[in-house]
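Step one of this worksheet: look at the structure below.
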Amino acid sequence: MSWTNPPTNFALQVLKDGDEHLRKVAAEMLQQVIMGSPVMDGAFRSNNIISINAPDNSAIAGTGNTKPKGSLDQKTFDDGAQKILQAKIGDTIYLQNNLPYAVALEDGHSQQTPLGIYSIAYMNTVNKFK
């Protein structure tokens, strides 16, 4: 008896499915962070940066997008999504904001986001993919 579908095909499909799931979760987290970002001049929202396998310690110059909290900054999302598409199982995806006041915002120093941004995005993303 021979295999009509070799086990190696199954293993390759599992890897492909895992890569796709990793990308979906990362994209959801990025979207949640952007939409949950407080907005004054848009600089924080525009400085949510994705990198793969190593942190990116840069900050984007400019003020960014001043759409109200709860709306998507499409350019920031698209830039991050392009990097997320390069990720595969085993990679570490970094989502960070390097502005000097980012930690203060995460610690609740904004009336718009008193519970933080990243922690809320993480909880929402985990609940979505349970």
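Overview of results
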read-out: Residue-by-residue Karplus 3J(HN,Hα) for region 11-20, coefficients 6.51, -1.76, 1.60, Hz, glycine and proline x; value: 4, 5, 5, 4, 4, 4, 5, x, 4, 5
read-out: Accessible surface of the chain [probe 1.4 Å, protein heavy atoms]: carbon and sulfur percent; value: 59 percent
read-out: Rounded tilt (10° steps) of 118-128 against the dominant C-alpha axis of the chain; value: 40 degrees
read-out: Out-of-range pairs (alpha-carbon distance over 20 Å; input Lys24/Lys75; Lys16/Lys83; Lys16/Lys88; Lys67/Lys130; Lys67/Lys88; Lys24/Lys130); value: Lys67/Lys130; Lys67/Lys88
read-out: Surface accessible to a 1.4 Å probe, per residue, for the residues of the chain, Å²; value: 62 Å²
read-out: Region 1-86: chymotrypsin sites (Phe, Trp or Tyr not before Pro) in DSSP loop, at most 10 other beta carbons within 10 Å; value: Trp3
read-out: Relative contact order, percent, region 41-130 [alpha-carbon distance under 8 Å, six or more residues apart]; value: 33 percent
read-out: Phi to ³J(HN,Hα) by Karplus 6.51 cos²θ - 1.76 cosθ + 1.60 over region 77-83, Hz, x for Gly, Pro; value: 5, 4, 4, x, 4, 4, 6
read-out: Neighbourhood net charge (12 Å Cβ-Cβ; Lys/Arg +1, Asp/Glu -1) for Ser51; value: -2
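The values are calculated or read from the model by the stated rules, or taken from the named source; none is laboratory data. Keep in mind that what you see is a predicted model, and the values were worked out from it rather than measured. We place every Cβ from the backbone using ideal geometry, glycine too, and count neighbours over all the protein chains shown. These accessible areas exclude ligands, DNA and RNA; they are computed on the full protein's heavy atoms, side chains included. Shrake-Rupley method; radii C 1.70, N 1.55, O 1.52, S 1.80 Å.
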